[in-house]
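Working notes for the structure below.
Here, each number is a calculation from the coordinates, and none is a lab measurement. This structure is a prediction, so every number in the text was calculated from the model and none was measured. So basically every Cβ, Gly included, is an ideal-geometry build from the backbone, and we count neighbours across all protein chains shown.
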Number of protein chains: 2
Amino acid sequence: MTNLTGEIAPIWELNPLWETLTEEERTRVLGKIEVVQYTKNEMIHSDGEESSHMGMLISGKIRIYKEGIGQKQIIRLLKPYDVYGYRACIANGPYNSNASAFEDSVVYRLQRDEFVRLAKENGAFCYGVMRMMARDLAISEIRTVNLTQKHIRGRLAESLLHLVHNYGVEEDGQTLAMLLPREDLANMSNMTTSNAIRTLSQFAQEGLVAINGRRISILNEKELEKISRLG
Amino acid sequence: MTNLTGEIAPIWELNPLWETLTEEERTRVLGKIEVVQYTKNEMIHSDGEESSHMGMLISGKIRIYKEGIGQKQIIRLLKPYDVYGYRACIANGPYNSNASAFEDSVVYRLQRDEFVRLAKENGAFCYGVMRMMARDLAISEIRTVNLTQKHIRGRLAESLLHLVHNYGVEEDGQTLAMLLPREDLANMSNMTTSNAIRTLSQFAQEGLVAINGRRISILNEKELEKISRLG
DNA sequence: ATTTAATTATGTTTTTTAGCATATTTCTTA
DNA sequence: TAAGAAATATGCTAAAAAACATAATTAAAT
């Protein structure tokens, strides 16, 4: 973890949530916010630990996950300008998940007390945070149904589509820009690593995807959508 | 659905969330809030329908659930003074779950526009709603891990313990105050009805619970906790 | 460049859970 | 209260997923 404060555009130019801050608040925030760099696989915060900061990813990728019963569960994968750790700050309690850098990443981080002060004193900011949380809550509930009721093929297809929509594809228009190990794909899709490997290679045999090591190309998105939808 | 407005104590005497309203807001809310009665199994709102009201249960019980792939999933069971439908109002979009009366129930309901107006104009109220949502989000994420990673026995044990803690027991100190059909128990625990029945009767054979129709008595809470914890 | 470690691939076995069938009991309702 | 419907109980079968084993490939480190 390296501190790089001062090199990056102010946070209100990067994410509209922060545009509601007044001039006075902006000045105050400038003194309380840090730019921090994490190296690949470095822990950012841990489940159960008292929350101290919320953050916003500037560059790189971060995974938010929980340690389940013998198996990790990835809750979200962050892309630049996504916000994390804010729920625990609002609840004034411990984090309820782990965050670690998926690759070298740079973040803005703001102390809990300052974030909470902003939410308490600035109604528009509070309302913005609340709307963000409303979206996260809806996503969480949909995710629960998907993970519990779809079969393995449906869950894997859904994860692949999620990666397409969240991180996009390379210039060829079909290769996932996000290269992730099978283990992470499994942890996103609520299955064991060997089932992720096996099911992915079935998809390849069926011509739905092409595999080249960690590079996965989506050949038939329509069909994957159907598999995802029907469970 | 029957309208009974005027018979019940004002909402700010029933749930501390509403204590932050100013005198002016209270007067306004009095003109916009209704007391409504639903009969057993009546729908309160449906998934996908544009949100029009948020509500607070006054008496009775309400289930919040989603229609999964061929199977219902109960997300929460409400007890008096619990709030529902507020997430969709804040998101200014459709409900993402169904709500139906589990037994005859009376609720306060408030129009979306008025609720949103309160959240926008009253920072303390907004902050209270946000903290409630932070709690619901944490619960949802914990629930996902429980439902996806625990085995059937663990999931059922957890549901039984949840019923004890949420609704309590009768005078004998062990019989669940909440009598619910096996189907609902299954829908809470992410399993088929026949597996709920079977697993519950195994618990009875092992002396962990006693069954008398829908009346379930918890005989060995410690052991159920262990089963729940170990998956 | 070579060794070591990690990841990916694939086959087999075992466990877990869903699905189906049928009997019995308990509620509804006419 | 009698008939019908719904819910509960229990056994059996089939499907899905995990667990385990081992080989092949790829990445990392010296």
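Prolate is the label for the stretch B:19-65, because the ratio a/c of its alpha-carbon gyration tensor axes (a ≥ b ≥ c) is 1.5 or higher and a/b is greater than b/c.
When the charge dipole of the protein assembly as shown is built from unit charges on Cβ atoms (+1 for Lys and Arg, -1 for Asp and Glu) and taken about the Cα centre, the candidate among A:GLN71, A:ASN3, B:GLN205 whose Cα reaches farthest toward its positive end is B:GLN205. If only the Cβ of Lys and Arg carry +1 and only the Cβ of Asp and Glu carry -1, the dipole of the protein assembly as shown around its Cα centre is close to 1260 debye. Scanning residues 5 or more positions from A:ILE216 or on other chains, those with amide H under 5 Å from its amide H are A:LEU176, with H placed 1.01 Å from N in the peptide plane. The same position B:GLN174 in the other copies lies at 6.4 nm from this copy, comparing label points 7 Å beyond Cα toward the beta-carbon, shortest first.
The phi-based Karplus calculation (6.51 cos²θ - 1.76 cosθ + 1.60; θ = phi - 60°) puts the 3J(HN,Hα) values of the stretch A:168-173 at x, 10, 7, 4, 5, x Hz, whole numbers, x for Gly and Pro.
State whether the stretch B:151-229 is rounded, prolate or oblate according to the following rule on the C-alpha gyration tensor (a ≥ b ≥ c being the square roots of its eigenvalues): a/c under 1.5 gives rounded; otherwise a/b larger than b/c gives prolate, and the remaining case gives oblate. Cα axes put the stretch B:151-229 in the rounded bin.
Treating r as the C-beta distance of B:GLU50 and B:LYS79 and R0 as 30 Å, the FRET efficiency rounds to 0.65. Enumerate by residue number the GluC sites (Glu not before Pro) in the stretch A:134-216 meeting two conditions: DSSP loop (anything except H, G, I, E, B), and at most 10 other Cβ atoms within 10 Å of the site's Cβ. Answer in residue order: A:GLU171. Geometric descriptor of the stretch A:6-135, per residue, is 101 Å³ (volume of the convex hull of the Cα atoms).
Over the protein assembly as shown, DSSP H runs of length four or greater, each weighted -39,500 (n - 2.57), average out per residue to a 222 nm ellipticity of -13000 deg cm²/dmol.
Taking amide H atoms as placed 1.01 Å from N in the peptide plane, the amide H of A:ILE62 lies under 5 Å from those of A:LEU78, A:PHE102, each 5 or more residues away in sequence or on another chain.
The amide H of B:GLU42, built 1.01 Å from its N in the peptide plane, has B:ALA101 as neighbours under 5 Å, considering only residues 5 or more places off or on other chains. Rounded, prolate or oblate: which one fits the protein assembly as shown, using the alpha carbon gyration tensor with axes a ≥ b ≥ c (rounded when a/c is under 1.5, else prolate when a/b beats b/c, else oblate)? Oblate, because a/c is 1.5 or more while a/b does not exceed b/c.
If every alpha-carbon in chain A counts as one equal scatterer, what log10 I(q)/I(0) does Debye give at q = 0.12, 0.17 1/Å? Evaluating at q = 0.12, 0.17 Å⁻¹ gives log10 I(q)/I(0) of -0.72, -1.24.
Projecting 7 Å from Cα along the Cα-to-Cβ direction, the label point of A:ILE197 sits 4.2 nm from its equivalents in the other copies, listed shortest first. If both residues of a DSSP beta bridge must be in the stretch B:2-147, then about 100% of such bridges are antiparallel. Which residue, chosen from B:PHE115, A:ASN220, A:PRO16, occupies the Cα position most advanced towards the positive end of the dipole of the protein assembly as shown, where the dipole is computed from +1 (Lys, Arg) and -1 (Asp, Glu) charges on Cβ about the Cα centre? Working it through, the farthest residue towards the positive pole turns out to be A:ASN220. Using the Kirkwood radius over C-alpha pairs as Rh, can you work out the diffusion coefficient of the stretch A:42-81 via Stokes-Einstein at 4 °C, viscosity 1.567 mPa s, in µm² per second? My calculation gives 113 µm²/s for D.
Over 24 Å apart: what share of the alpha carbon pairs of the stretch B:79-199 falls there, rounded to a whole percent? In whole percent, the long-distance tail amounts to 42.
Each peptide among A:9-17, B:48-56 gets the average number of other Cβ atoms lying within 10 Å of its residues, and from highest to lowest they stand as B:48-56, A:9-17.
Each 5 Å bin from zero holds the following percent of Cα-Cα pairs in the stretch A:127-181: 4, 17, 17, 18, 19, 14, 9, 2, 0.
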